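Since the structure comes first, as structure tokens, the remarks are kept for the end.
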Amino acid sequence: MITSVLAANRGEIACRIFRTCRELGIRTVAVHSDVDQDALHTRVAGAAVRLPGATPAETYLRGDLMVKAALAAGADAVHPGYGFLSESPGFARAVLDAGLVWIGPPPGAIEAMASKTRAKELMGIAPLGAQDVTDADLPVLVKAAAGGGGRGMRIVRRLADLPAALEGARAEAASAFGDGEVFVEPYLERGRHVEVQVLADTHGTVWTLGTRDCSLQRRHQKVIEEAPAPGLPPRLTDELHRTAVRAARAVSYVGAGTVEFLVADGRAHFLEMNTRLQVEHPVTEAVFGLDLVAEQIRVAEGHRLPAEPPRPRGHAVEARLYAEDPARGWAPQTGTLHRLAVPDGVRLDTGYTGGDRIGVHYDPLLAKVVAHAPTRAEAVRRLAGALDAATVHGPVTNRDLLVRSLRHEEFADGRMDTGFYDRHLAALTEPAPDPHAPLAAALADAHGRSRFGGWRNVPSQPQVKRYAGAGQEYEVHYRHTRRGLAADGVRVVHADARLVVLEIDGVRRRFEVERHGERVYVNSTALTALPRFPDPAAQSAPGSLLAPMPGTVVRVADGLAEGAAVRAGQDLIWLEAMKMQHRITAPVTGTLTTLRAAVGRQVEVGALLAVVDAGPPGAAGDRPNSDGQAAPGGTA
């Protein structure tokens, strides 16, 4: 009988594991890096152990430290969660060798499926050799043999780009998973990503718990998932289930796992088996009325599963809320999360609370929001409404993108595929600010000052405030009058520091206002208060390369130095953020006059990395980036 569980992980999944353990009466142990010492998962656990002697990026990959922590805290079992060491057969063996219970599949099963190339061979599929790729095979996908989450993946559409894609994928895979092996497979442009949840016990019973569709992805990492996968014919669903059972039995699988497929033209193509709990497991839990973490624990204790799983009911949809800016190449964001709240009626899985800081070292997932309803249409509407009404104050997030995606006609009709964002991202990220939010912010800020402090006995100039938001700048005007605050074109019904009510064309609207420093949040609109008279000297020099995200400089182009000649679009600097590498390219053809990037340097968003002075008139490509000013280059 398991009495104490150490979660060899962090953030949302560690909190998720601890929630089930508390319900089962099992003690909990957290582990943490130095930067995570005050993280939510350490605060909700019964005990927490610091993992010493490793960088933040390496901490949760140190299996030896995890085992020592479990023994020191008196835990008798280890749950790996997802990511990090969850699919490491060596870590599983180390846990078992230490006399602890491993809440996961046998090391041999993990090992058999750990490499995607070996998994394909096990299922009778021969991977495509990189040296054998021809123009006829394009496009292809370069893919890390170990791990997942979109790391170590590159789409190649031109044969000349294959060597660079292989090099970049190997570096990213080695950093994220400690294994730089990559392989190549055909890339299907309009396929659907469909997977089957399996659960197996030590007595030979293997359950298939329906299908999930995870086609909405950015950088091959899932954004919206649902269960069951919509629109699959029964014949194909049966085939998916049979193949999933065959994969599980082929490696004598035990515990929770997922078999992934790409479905195109009515056919299912086996991708891999993830020998762990998936990020999107809550949608399966909602549909089948199960707690998969509890089932993992029971299986690890040796209990037998019933002969048949529960019957599914309804439909569930999950959206991953990330601290990232989809309009700027999905650039991860950092800063303080001041407030996160969703309406009742949906499930919120998160590793953060108000006041926590989003750092540069780990995945920018803030939360998972899940809606369950009798039908798909109801579940989608419920989730979109909850996200639209959610309070998210802090770094830029993908919340608006999620809402628009859920309400897009392709998604509503179940016609989505893995190329959804390739086709629709520009439209889905088009700024749509509330035109009255800046006025509401100004009126809330003006509240509390002397009612007559701005009033004059004769007409006078209005008060002026400036804000920036959604890529635009706003200048708003209001006046202090005998009756209170007033503005042209609207009637101010009420104004205090937290709530403004305006009557606009006969319709009353409420604006909830919250301020943190220079950031002002008006309902779901985020604004930055600007000085009325900006300092022109504060603008960046033309040709400046600014860090598009917080991260670490992991590479500088060979031979790059001040005075070097560069061409527009040339790769100059590589930043790593959340285990993903991003290329910074020259904005113009010219001369590198300043270089401040150095390998190992950690930078915040907006930090100056380099400056390129444009060449003589007529030089090829001497144009600034798309935003018309100094900016970083493309993303790998």
**OP:** Could you please let me know if S252 is surrounded by fewer than 20 Cβ atoms within 10 Å (Cβ to Cβ), within 23 Å of the chain's Cα centre (by Cα), hydroxyl-bearing (S, T, Y) and not assigned by TED's automatic domain parsing to the domain that holds W574?
**Re:** no
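With more than 23 Å from S175 (Cα to Cα) and touching a residue at least 12 places away in the same chain (Cβ under 8 Å) as the only criterion, which of M123, M153 stands out?
Residue meeting the stated conditions: M123.
Does A442 satisfy being under 41 Å from the mean Cα position of the chain (by Cα) and modelled with pLDDT of 95 or more? Before you say what the answer is, go through the steps one by one.
On the way: under 41 Å from the mean Cα position of the chain (by Cα): yes; modelled with pLDDT of 95 or more: yes.
Yes; evaluated as a whole, the condition is true for this residue.
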**OP:** Being outside the structural domain of P56 (by TED's automatic domain parsing), within 30 Å of T205 (Cα to Cα), touching a residue at least 60 places away in the same chain (Cβ under 8 Å) and not hydrophobic (A, V, I, L, M, F, W, C) narrows it down to one of D363, D325, D349, D356, so name that one.
**Re:** D349
Subject >> Test for A229: is it farther than 26 Å from V101 by Cα, small (G, A, S) and at pLDDT 95 or above >> reply: yes
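Report, by residue number, each residue of segment 354-382 that is under 12 Å from L321 (Cα atoms), in contact with a helix residue (DSSP H, G or I) (Cβ under 8 Å, 6 or more places away or on another chain) and at pLDDT 95 or above.
Going through segment 354-382, the residues under 12 Å from L321 (Cα atoms) turn out to be 363-370.
From what's left, in contact with a helix residue (DSSP H, G or I) (Cβ under 8 Å, 6 or more places away or on another chain): 363, 365, 367-370.
Answer for segment 354-382, where residues must be under 12 Å from L321 (Cα atoms), in contact with a helix residue (DSSP H, G or I) (Cβ under 8 Å, 6 or more places away or on another chain) and at pLDDT 95 or above: L365, A367, K368, V369, V370.
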Subject >> Candidate set: segment 301-325, residues that are over 30 Å from G335 (Cα atoms) and under 30 Å from the mean Cα position of the chain (by Cα); chosen: the one surrounded by the most Cβ atoms within 10 Å (Cβ to Cβ) >> reply: A316
Original post:
When you go through R601, R567, R583 one by one, which is the residue that is at pLDDT 85 or above and closer than 22 Å to V396 by Cβ?
Top reply: R583
Original post:
What residue, among those in segment 214-225 that are touching a strand residue (DSSP E or B) at 6+ places or on another chain (Cβ under 6 Å) and within 24 Å of G104 (Cα to Cα), is surrounded by the fewest Cβ atoms within 10 Å (Cβ to Cβ)?
Top reply: K222
Original post:
Filter segment 267-300 for residues that are over 20 Å from S88 (Cα atoms) and among the small types (G, A, S); which is surrounded by the fewest Cβ atoms within 10 Å (Cβ to Cβ)?
Top reply: G289
Subject >> Odd one out for G108, checked against (1) within 26 Å of H193 (Cβ to Cβ); (2) in contact (Cβ under 8 Å) with a residue 40 or more places away in the chain; (3) surrounded by fewer than 22 Cβ atoms within 10 Å (Cβ to Cβ) >> reply: (1)
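With the structure loaded, tell me whether E576 is touching a Pro at 6+ places or on another chain (Cβ under 7 Å) and either basic (K, R) or closer than 27 Å to Y322 by Cβ (or both) or whether it fails that test.
On the way: touching a Pro at 6+ places or on another chain (Cβ under 7 Å): no; either basic (K, R) or closer than 27 Å to Y322 by Cβ (or both): yes.
Criteria not met by E576.
Quick one: which strands (runs of 3 or more DSSP E) sit completely within segment 13-123 and have at least 2 residues that are β-branched (V, I, T)? It would help to see each step written out before you state the result.
Working: elements: 27-32, 47-50, 77-79.
In segment 13-123, 27-32 are the strands (runs of 3 or more DSSP E) which contain 2 or more residues that are β-branched (V, I, T).
Only one of these is more than 19 Å from the chain's Cα centre (by Cα) and surrounded by 17 or more Cβ atoms within 10 Å (Cβ to Cβ): T134, T208, T202. Name it.
Working: T134 fails: surrounded by 17 or more Cβ atoms within 10 Å (Cβ to Cβ); T202 fails: surrounded by 17 or more Cβ atoms within 10 Å (Cβ to Cβ).
Just one listed residue meets the conditions, T208.
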Subject >> Residue selected from segment 1-56 under the condition surrounded by fewer than 24 Cβ atoms within 10 Å (Cβ to Cβ) and of a type in the set (S, T, N, Q), by the criterion modelled with the lowest pLDDT >> reply: T55
Original post:
Pairs, please: C-beta under 7 Å, at least 6 apart or cross-chain, first residue acidic (D, E) and in segment 286-298, second modelled with pLDDT of 95 or more?
Top reply: D291/T20; D291/E285; E295/L199; E295/A256
Original post:
Under 9 Å by Cβ, and 6 or more places apart or on different chains, what pairs join a residue from segment 512-526 that is assigned by TED's automatic domain parsing to the domain that holds L387 with one that is assigned to a strand (DSSP E or B) and at pLDDT below 95?
Top reply: none
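Hey, does segment 244-263 have a residue that's closer than 18 Å to P106 by Cβ, aromatic (F, W, Y) and either at pLDDT 95 or above or not in a loop (DSSP other than H, G, I, E, B) (or both)? Steps first, answer last, please.
The initial filter retains those residues of segment 244-263 that are closer than 18 Å to P106 by Cβ, namely 244-259.
Those left that are additionally aromatic (F, W, Y): 253.
Right, trim to either at pLDDT 95 or above or not in a loop (DSSP other than H, G, I, E, B) (or both) and you get 253.
Yes, that holds for at least one residue.
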Subject >> Residues located in segment 348-367, provided they are touching a Leu at 6+ places or on another chain (Cβ under 7 Å) and charged (D, E, K, R) >> reply: D356
**OP:** Scan segment 335-359 for residues that are within 23 Å of V603 (Cβ to Cβ) and assigned to a strand (DSSP E or B) and report the count.
**Re:** 6
**OP:** Look at segment 191-207 and say how many of its residues are out of contact with any strand residue (DSSP E or B) (no Cβ under 6 Å at 6 or more places or on another chain) and either of a type in the set (V, I, T) or at pLDDT below 85 (or both).
**Re:** 2
Original post:
Among P438, P395, which is crowded, with 21+ Cβ neighbours inside 10 Å, assigned to a loop (DSSP other than H, G, I, E, B), touching a residue at least 60 places away in the same chain (Cβ under 8 Å) and not aromatic (F, W, Y)?
Top reply: P395
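The values are calculated or read from the model by the stated rules, or taken from the named source; none is laboratory data. Every value quoted in this text rests on a predicted model; they were computed, and no experiment measured them. Don't worry about glycine lacking a Cβ; one is built from the backbone with ideal geometry, like all the others, and counts go over all protein chains shown.
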